[in-house]
Amino acid sequence: MSAETANQPGRENKKYIFEVHFLRAFACLAVVGVHVSATHFGMNEETWNRLTYFINQYGRFGTPIFAVISGFLLFYQVKRKGFQPGKFLKSRASKIVLPFLVWSLAYRYLLYYYDNQALGTPASELKKILLGESFYHLYFVAIVVQFYLIFPFLQKIFRTQTLMLLFTFVSLLISYNLFGFNPGIEGPFGNFLASKSFMPIWLFYFAFGGLLAYIWDEIVSYATKRPWKMFALAMAVSAGAVVENNINGDLSNRRLSNLVNIPLLSIAIIGMYPLLNKWNIIKRPLILLGQYSMGIYLVHPMILYLFARHLPHQYWHVNYVPAMFVAVLLIAAIFIRILQFIPLSGFIIPVPKLKKTKRSIETTETMDNKKSTA
């Protein structure tokens, strides 16, 4: 598909991609699972049990999938509407950069208040913020911001399916070769290049998201017609992760196997949309989780931090882990919902709006017609 065809107004501009909300919801649940289990680990003298260890290791799929979604949304927007530099800068600054700065300061104050972590020099504090070191989860937002810096150049070059495929292949080579990267440079710059905050390590996931944007209709058409096969694929990837964990021990979300696992799992989750869409009891919470995912990502470590300091020790028994997982999600969702009533709250936590579109109407009508002719 050419860039010119992609940018023409028409039916595609009216589509709303609910499948991405399901993918967001999965990534959100996975990341929260990692941090709930890790907090439980810390509160039990750094001891794992089978449940928390499984949750922690399986949840390592979440962050790379968020990178896929970030790349997808950026390239999908360019594919549909073209690239407007001013609008891009304004949107990213208000929806990502400003909330990132607000929450970096909030977490820095939390550590200052509870852990008596003295403030450093302005330069050192600024460095912490820019590298996402204000708290353990903010590094990924710093990675996304780094990708924003090069995206205006990437979108200008890669505007067709063929070129996106080339970009994805090159990114795969880059991410593969940067595994365990040691720049051999001393000092802050060398530490940054070797850290998990160095964006090129994650480049493949952003690029794969961009490729999805350019083959979206084909992927959705293929995967959603085979939901049970996609479910089997998701189970196969999950089983493979368990086997890999048993062989290699603790796994990082940057492990080499994720270069295969993440594309397969992302497509599988997209394909499972028709199964999950049948039951409102599952569909509605997942859509809400997808809608609130950015906010939950920003807020949930603070909830866990306060839990760790105020909940009585008996509540850190493994039997309470599922309840704690649900409680963290509920408190985060309620906080985000209340915050939405405050003017300019979007600069603190951005929440995308859902749209009713012709796509969902047409899909429903098509299914009804099939039933009536059967």
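The values are calculated or read from the model by the stated rules, or taken from the named source; none is laboratory data. In this text the structure is predicted, and so the values were computed from the model without any measurement. Note that each Cβ is placed from the backbone with ideal geometry, even for glycine, and that neighbours are counted across all protein chains shown.
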Item to complete: Scan region 223-246 and report the pairs whose first residue is under 17 Å from Leu23 (Cβ atoms) and whose second residue is crowded, with 18+ Cβ neighbours inside 10 Å and of a type in the set (S, T, N, Q), with Cβ atoms within less than 9 Å and a gap of 6+ or a chain change.
Response: Met230/Thr224; Val237/Asn261
Discussion item. So for region 260-273 (the condition being in a helix (DSSP H, G or I), closer than 18 Å to Leu339 by Cβ, out of contact with any Lys or Arg (no Cβ under 7 Å at 6 or more places or on another chain) and aliphatic (A, V, I, L, M)), does at least one residue qualify?
Written reply: no
Item to complete: Report whether or not Leu251 is of a type outside the set (S, T, N, Q), touching an Asp or Glu at 6+ places or on another chain (Cβ under 7 Å) and surrounded by fewer than 21 Cβ atoms within 10 Å (Cβ to Cβ).
Response: yes
Worksheet item: Does Arg80 fit the bill of being under 24 Å from Ser195 (Cα atoms) and among the charged types (D, E, K, R)?
Response: no
Discussion item. Looking at the structure I just gave you, is Tyr297 aromatic (Phe, Trp, Tyr), farther than 15 Å from Leu29 by Cβ and assigned to a helix (DSSP H, G or I)?
Written reply: no
Discussion item. Regarding region 63-72, can at least one residue be identified that is modelled with pLDDT of 95 or more, touching a Pro at 6+ places or on another chain (Cβ under 9 Å) and polar (S, T, N, Q)?
Written reply: no
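Would you mind finding the one in Ser171, Ser134 that is buried (at least 16 other Cβ atoms within 10 Å of the Cβ), more than 18 Å from the chain's Cα centre (by Cα) and at pLDDT below 95?
Values: Ser171 fails: at pLDDT below 95.
Every option except Ser134 fails the conditions.
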Worksheet item: Can you find even one residue in region 270-292 that is surrounded by 13 or more Cβ atoms within 10 Å (Cβ to Cβ), closer than 26 Å to Ala207 by Cβ, touching a Phe, Trp or Tyr at 6+ places or on another chain (Cβ under 6 Å) and modelled with pLDDT of 95 or more?
Response: no
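Please find, within region 341-357, the residue that is modelled with the highest pLDDT out of those that are loosely packed, with under 13 Cβ neighbours inside 10 Å, more than 21 Å from Leu110 (Cβ to Cβ) and out of contact with any Phe, Trp or Tyr (no Cβ under 9 Å at 6 or more places or on another chain).
Keep residues of region 341-357 that are loosely packed, with under 13 Cβ neighbours inside 10 Å, which gives 341-344, 353, 355-356.
Filter once more, so that each one left must be more than 21 Å from Leu110 (Cβ to Cβ): 341, 343-344, 353, 355-356.
Now narrow it down to the ones that are out of contact with any Phe, Trp or Tyr (no Cβ under 9 Å at 6 or more places or on another chain): 341, 343-344, 353.
Details: Phe341: 92, Pro343: 89, Leu344: 87, Lys353: 70.
Within region 341-357, the match that is modelled with the highest pLDDT is Phe341.
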